[in-house]
Amino acid sequence: MLDPNLVTHALSGPGMDATTAAVDDTLRLAQGGELRAAAERASLSIEDGATDVRLIAAFLLGVFAEQGPASLPAILATTRFALAGGFRALRPVQRKTRVADSAWTLLFRGIRASIDFHETKRDATWKHWAATIPRDLPAKTAAEAEELAKAIAAVIETPQSVRELAALRARSESVFQRVPPPPPPPPPPPPEAPPAEPIEEQAVDEPEENAPSDPEPVFDSEKLHPSAPPARTIEVSAALEQFIRKLEAFELLVSRGEMGKAAIVAQDVRRVVDRFDPRVYLPALLAPHFRLLSSNIGDIAPHWEAEGGPAWQALEQLYQVDLDAFVGT
């Protein structure tokens, strides 16, 4: 099992840079959604003494993927140690605070996305969380998050990660704040009674209003969001990650009042939006479509000859106004 104490132990030493291959391999696995594999890859370097903050963030994200919400207080406490007692050992030395802020931002955002995903899916992972989550988790998470926010602010100027931490804290409180107590043990079976004499009268059914009611849902969100849309996860390409960083940089510069720099970023963002190519920024999303199209092009291409005809136009208008009806037609 992944142990956050591995990070604390490494940060208690002198600190050591990780190899470029280790960082690249870990980030590739994490960005591909293989969080546990990324954590295991990161752990190999951390065990050898590497204290790169990007490896630590990926490792802690894997801890959450493996152990669920019960690990949140330990994850936040480990992050706080990395900013307090272990900050001297944290790597890389160059632009340490900026890289750390980015790594913590992705860590907190990734945990919150995982909560959103499993809450919406109501899958086996969600049911396991519901059965094992400690009742004091919201209080412990809130206390750790408050101390961690202070530690971040003491080291990093205008940190983006503090906002992501606040969003994670609010999300965990709204989802996990009410967990029903465990059911009481069943009463012992009554002693066997001697056979009773037959009763002539027919037993009366128990009134329906006395029948046991359905149990309350485990989390408040089950009642607040009964028809939440399904969550989707896609791989973040390098181009999209860079674009997200530009948006975050613009927000940071505006908050600092550095409008000259903000204007340069805004102009670049506008150019990207004007020339936005989903094949560059969302290749993992489009790849299945193009694979399916290429394997069926022989059957699809003849139908394109009908484009512009009355039947084509009627179906196209239905497609534009009601996709569900179009697919069901």
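The values are calculated or read from the model by the stated rules, or taken from the named source; none is laboratory data. Bear in mind that the values here come from a model prediction, so they are computed numbers and not experimental data. Note that we place each Cβ from the backbone using ideal geometry, even for glycine, and neighbour counts take in every protein chain shown. For accessibility, only protein heavy atoms count, side chains too; no ligands or nucleic acids. Shrake-Rupley method; radii C 1.70, N 1.55, O 1.52, S 1.80 Å.
Any idea of the accessible area per residue across the stretch 243-286, 1.4 Å probe, to the nearest Å²?
Working: 2950 Å² over 44 residues.
Ligands and nucleic acids excluded, the figure is 67 Å² per residue.
Grab the beta carbon distance between Lys96 and Leu247, set R0 = 22 Å, and tell me the FRET efficiency rounded to 0.05.
Values: r = 23 Å, r/R0 = 1.04.
Rounded to the nearest 0.05, the efficiency is 0.45.
When 1/r is averaged over all different Cα pairs and the result inverted, which Kirkwood radius in Å belongs to the stretch 1-52? Kindly include the intermediate steps, with their values, before the conclusion.
Numbers: mean 1/r = 0.0903 Å⁻¹.
Evaluated on the stretch 1-52, it is 11.1 Å.
From Cα pairs below 8 angstrom and at least 6 apart in sequence, can you work out the relative contact order of the stretch 60-163, rounded to a whole percent?
Details: 67 pairs, mean separation 46.8, N = 104.
Taking the mean separation of contacting Cα pairs over the length of the stretch 60-163, I get 45 percent.
Using the basic label-point model (7 angstrom from Cα toward the beta carbon), what is the Leu323 to Ala153 distance in nanometres?
4.2 nm
Highest mean first, how do 81-94, 124-137 rank when packing is the count of other Cβ atoms within 10 Å averaged over residues? Write down the numbers at each step before the final one.
Numbers: 81-94: 16.8, 124-137: 14.5.
Descending mean neighbour count gives 81-94, 124-137.
Extending each Cα 7 Å along its Cβ direction at Arg271 and Ala166, get the distance between those two points in nm, one decimal.
With each label point 7 Å from Cα toward Cβ, the separation is 3.4 nm.
May I ask you to work out the translational diffusion coefficient for the stretch 44-177 at 37 °C, viscosity 0.692 mPa s, via Stokes-Einstein with Rh from the Kirkwood sum over Cα pairs, reported in whole µm²/s?
Values: Rh = 15.1 Å.
In µm²/s, the coefficient is 218.
Which value, in Å² rounded to 10, gives the accessible area of Phe276 with a 1.4 Å probe and all protein chains present?
Approximately 90 Å² of Phe276 is accessible to the 1.4 Å probe.
Once ligands and nucleic acids are excluded and a 1.4 Å probe is used, how much of Glu316 is accessible, expressed in Å² to the nearest 10?
For Glu316, the solvent-accessible surface is approximately 80 Å².
Express in % the proportion of alpha carbon pairs of the stretch 1-93 at distances exceeding 17 Å.
Values: 1756 of 4278 pairs.
I get 41 percent for the Cα pairs in the stretch 1-93 exceeding 17 Å.
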